[in-house]
Amino acid sequence: MSFSLKIVDLWKGYNGNVVLKSCSHVFSGKGVYVLTGPNGSGKSTFLRICALLEEPDRGEVLYFSGNGPLKKDMELRRKITLVLPRIGIFNTTVFRNLAYGLKIRGVGKEEVEKRVDKYLEAFGLLHRKKQNALSLSSGETQRLGIARAMVTEPEILFLDEPTASIDQENTAMIERLIADMKAQGRPTVIMTTHDNDQAHRLADVLLRIEDGKIT
């Protein structure tokens, strides 16, 4: 099933300060879309609106599948997920952090175990499976956050500065994981970064937000 996102004439402001203005774009097809732009340009606000976590002042966020437009219901929200720069994790094991999203979706116990192990291994965290997630390093925590998003197998993964404030080794690992997603063709990744070199390494489509618009 094809899955696409259309942004139409978005406007968003806070306390009289306009962050996004007449912002439009179509994200269609698989791959990695990377948004760059100066601090305060609206990159994070744009992702939150796309992920249906925040309402625009004006404009529309439209999702489409092969069968046409999708309702903004729980089924759609389970097909998209946003990973923020600061990961909120549960005070429990690494395994249970990943398993939670599957259990609330009604996934069976055996499938939960299989899928959690698959993503823990892919993200280099299988050996931390029984460890309390709060004891992880900042880089491991960031990987856990992306793994937790991926275990639900979304159609679109939004990543807001996924390697901000982590060391070079973990940055390289996360970049490899994003490259793997691109190679496998799922999910579509829409990410922001302040690192122009990283943007050029990862992007299939490179975009810039400046003065409230995407160019």
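The values are calculated or read from the model by the stated rules, or taken from the named source; none is laboratory data. Small disclaimer: the values here were computed from a predicted structure and weren't measured. Note that each Cβ is placed from the backbone with ideal geometry, even for glycine, and that neighbours are counted across all protein chains shown. We work out accessible area using only protein heavy atoms, side chains counted, and drop any ligands, DNA or RNA first. Shrake-Rupley method; radii C 1.70, N 1.55, O 1.52, S 1.80 Å.
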Look at the stretch 13-55 and say how many of its residues are touching a helix residue (DSSP H, G or I) at 6+ places or on another chain (Cβ under 9 Å) and open to solvent by less than 30 Å² (accessible area, probe 1.4 Å).
12
Here's a check for you: in the stretch 74-92, which residue that is part of a loop (DSSP other than H, G, I, E, B) and open to solvent by less than 60 Å² (accessible area, probe 1.4 Å) is farthest from F46 (Cα to Cα)?
T92
Collect the residues in the stretch 178-201 that are among the basic types (K, R) and without any contact (Cβ under 8 Å) to a residue 40 or more places away in the chain, keeping them in residue-number order.
R201
Total residues in the stretch 28-48, condition more than 13 Å from I156 (Cβ to Cβ) and of a type in the set (A, V, I, L, M, F, W, C)
3
From the list K114, K109, K129, K118, which residue is farther than 22 Å from Y63 by Cβ, of a type outside the set (A, V, I, L, M) and touching a Phe, Trp or Tyr at 6+ places or on another chain (Cβ under 6 Å)?
K129
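For every residue, the table says whether it meets (1) part of a loop (DSSP other than H, G, I, E, B); (2) buried (at least 21 other Cβ atoms within 10 Å of the Cβ).
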| residue | (1), (2) |
| --- | --- |
| K114 | no, no |
| K130 | yes, no |
| L134 | no, no |
| F158 | no, yes |
| M191 | no, yes |
Residue that is nearest to T163 (Cα to Cα) [pool: residues in the stretch 6-56 that are in contact with a Cys (Cβ under 9 Å, 6 or more places away or on another chain) and charged (D, E, K, R)]:
K12
